[in-house]
Amino acid sequence: MINRILTPRELLVGGGAVNGLPSVLQKLGVSNPLFVVDPGVFRLGLADAIIESIRAEGASFGVFSDVVEDPTDVSVAQVVVLLAEGKHDGVIAIGGGSAIDTAKAAAIVHSTGENVRALKVPRIVDFDVMPLVAIPTTAGTGSEVTRACVITDSERHEKMLVLGTAALPTAAIVDFELTLSCPYRVTVDTGLDALTHALEALVNRNRNPHADALALSALKLIGANLETVCSDPQNRSAREAMMLGATHAGLAVSNTSTALVHGLSRPIGAFFHVPHGLSNAMLLPLVTEYSVLSAPEEYAAASRALGFATEADSSNNANEKLIVGFRRLNNQLKIPTLRAYGIDGNRYMELRPEMARQALQSGTPQNNPRVPELEEVIDLYDRAWAE
Ligand SMILES: [Fe+2]
C-alpha cells in the first residue's frame with residue numbers, strides 16, 4: 001500500500017514565526033503579494049505588523065480585507081479581479097479558514113480562468129498555482145496545511161469542496177501568538193473543528209499510519225488544552241499546544257479526508273449559516289454514536305488520546321466514555337442545539353432531502369466507517385433536530 005503524503009513546502013511553527021514572512025516570500029520569489037485578511041483580524045490590527053514587515057522590505061503589495069464568513073464564489077471573484085489588476089505574483093492569507101479558503105480559491109481561479117463550480121469535487125485540482133502563504137489566526141481549521149478549500153455557491157446555496165494540490169498552501173506560518181486575542185466563541189468552534197478533523201482522520205476509511213500518528217498527537221494536545229484556552233485565553237502554553245494540535249489535525253485530515261460529521265455539517269452551514277466548527281460540534285456526539293461500532297478500536301484510541309478514557313478501559317468502556325465526553329464538552333463549552341441556535345424548524349424539515357443529497361454528493365460520508373444511505377442521512381438530520 002502506497003500512501004501519498006502532501007504537506008506545504010515550508011512550515012514555520014512557533015511564537016514569533018510571523019517574523020519569518022519576508023524570507024519565506026523571498027525564497028518563493030514573491031515580490032508583489034496580495035494580502036487576503038479577515039476583516040475582524042484587520043480591524044484589531046493583528047495584521048498590521050505583518051503587513052509593515054513587507055512594506056519595510058520595499059516590496060509592493062495589495063490588501064483585500066473584505067473576506068466574508070462562509071466564503072462565496074462572488075467574494076472569490078472580487079479577489080481574482082484584484083490579483084489581475086495589481087499584477088500580483090502571490091497571495092498571503094491572514095485569518096481563519098474563511099480568509100485562507102478565499103485566498104486558495106482565488107489563486108486557483110486566477111491560474112485557470114475557470115469558475116469555482118467547475119473546480120469542485122469529483123474533479124481533483126492537482127496542478128501548480130501562484131504561491132500562497134497561509135498565516136492562521138485561529139487554532140483552527142487546519143486550512144493552512146490542507147489540500148482543500150470550501151466555497152459556497154451563492155446561487156445554489158451549496159458548499160463546494162475543492163480538492164487537490166492546487167489548494168495546498170506553498171508555505172504556512174503557524175504562530176500561536178496570533179491566537180492570544182481570539183474571542184471565546186471562535187476559540188471553541190475552531191478548537192472543536194480541529195478535534196473533529198483528528199477524529200475523522202483516525203476513523204477514516206482512507207486512514208494510514210502517517211495520518212494516524214498526527215491525529216493521535218492532535219487529540220492528545222486538544223484534549224489536554226481545549227478547555228484551558230477557553231477559560232484562560234491568555235495561557236500561552238495552552239494556546240501553543242492548541243495551535244500545534246490544530247496543525248497536526250489539519251495534516252492528518254488532509255492526508256486522509258473528512259467523514260460523516262463534515263458531510264452532514266456543510267449543508268447546515270450553507271443553508272443556515274451556522275459557523276463550521278459549531279455545526280460540527282452539534283453533530284459530533286450523534287454521529288459518533290451512529291458510527292462507533294463500525295470502528296470500535298479506532299474510536300477507543302481517540303477516547304484514550306483525548307483523556308476521556310485510560311489504557312485500563314476496555315474498548316467498549318472507552319467508546320461509552322467518548323460519547324459521554326463529547327456531550328459533556330458540548331455542555332461545558334455552551335454548544336447550542338440546532339433549535340436553540342434559532343434555526344427555523346419548518347425550513348429545516350423541508351430542506352432535509354436536499355441537505356442529504358448535498359451531503360452524499362460531497363463524497364465525504366462515504367469515508368466514514370459506517371456509510372449511510374440517503375434515507376439514513378435524512379434520519380440523522382431528524383435526530384440532530386431532536387437533540
Ligand atoms: Fe472542518
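Observations on the structure shown:
- Filtering segment 235-264 to residues that are polar (S, T, N, Q) and more than 12 Å from the chain's Cα centre (by Cα) leaves Asn235, Ser237, Asn255, Thr256.
- Evaluating Asn19 against the criteria (1) in a strand (DSSP E or B); (2) open to solvent by 30 Å² or more (accessible area, probe 1.4 Å) leaves one unmet condition, (1).
- Restricting attention to segment 171-203, the residues that are over 29 Å from Glu297 (Cβ atoms), open to solvent by less than 10 Å² (accessible area, probe 1.4 Å) and small (Gly, Ala, Ser) total 2.
- Within segment 1-16, the residues that satisfy the criterion of being open to solvent by 50 Å² or more (accessible area, probe 1.4 Å), assigned to a loop (DSSP other than H, G, I, E, B) and either acidic (Asp, Glu) or at pLDDT 95 or above (or both) are Thr7, Arg9.
- Here Gly277 does not fit the description of being within 24 Å of the chain's Cα centre (by Cα), open to solvent by 50 Å² or more (accessible area, probe 1.4 Å) and among the small types (Gly, Ala, Ser).
- Meets criteria (at positive phi and free of Cβ contacts under 8 Å to residues at least 12 places away in the same chain) for Gly45: yes
- The lone exception for Ser303 - which of (1) within 16 Å of the ligand (Cβ to nearest atom); (2) crowded, with 23+ Cβ neighbours inside 10 Å it fails: (1)
For every residue, the table says whether it meets (1) within 15 Å of Arg383 (Cβ to Cβ); (2) at pLDDT below 95; (3) charged (D, E, K, R); (4) within 11 Å of the ligand (Cβ to nearest atom).
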position	(1), (2), (3), (4)
Ser265	yes, no, no, yes
Ile268	yes, no, no, no
Phe271	no, yes, no, no
Asn280	no, no, no, yes
Leu283	yes, no, no, no
Thr288	yes, no, no, no
Ser294	no, no, no, no
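- Residue in segment 41-50 that is most open to solvent (accessible area, probe 1.4 Å), counting only those that are touching a helix residue (DSSP H, G or I) at 6+ places or on another chain (Cβ under 9 Å) and closer than 20 Å to Asp101 by Cα: Phe42
- Any hit, segment 73-96, residues being assigned to a loop (DSSP other than H, G, I, E, B), within 16 Å of the ligand (Cβ to nearest atom), in contact with a strand residue (DSSP E or B) (Cβ under 9 Å, 6 or more places away or on another chain) and open to solvent by 20 Å² or more (accessible area, probe 1.4 Å): no
- Complete set of residues in segment 201-227 that are under 26 Å from Ile94 (Cα atoms) and of a type in the set (D, E, K, R): Glu227
- Scanning segment 51-72 for residues that are surrounded by fewer than 18 Cβ atoms within 10 Å (Cβ to Cβ), touching a Leu at 6+ places or on another chain (Cβ under 9 Å) and farther than 16 Å from Ala99 by Cβ gives Ser53, Glu57, Ala59.
- Evaluation of Thr138 against (1) part of a strand (DSSP E or B); (2) within 15 Å of the ligand (Cβ to nearest atom) (one fails), failing number: (1)
- Test: residue in segment 334-346 that is away from the ligand (no atom under 16 Å from the Cβ), under 17 Å from Arg185 (Cα atoms) and touching a helix residue (DSSP H, G or I) at 6+ places or on another chain (Cβ under 6 Å): yes
- Unique residue being at pLDDT 95 or above, in contact with a helix residue (DSSP H, G or I) (Cβ under 9 Å, 6 or more places away or on another chain) and either open to solvent by 10 Å² or more (accessible area, probe 1.4 Å) or over 22 Å from Ala252 (Cα atoms) (or both) when the list is Ile100, Ile108, Ile135: Ile108
The values are calculated or read from the model by the stated rules, or taken from the named source; none is laboratory data. Note that the structure is predicted; figures quoted are calculated from it, not measured. Don't worry about glycine lacking a Cβ; one is built from the backbone with ideal geometry, like all the others, and counts go over all protein chains shown. The area values use the complete protein model at the heavy-atom level, side chains included, leaving out ligands, DNA and RNA. Shrake-Rupley method; radii C 1.70, N 1.55, O 1.52, S 1.80 Å.
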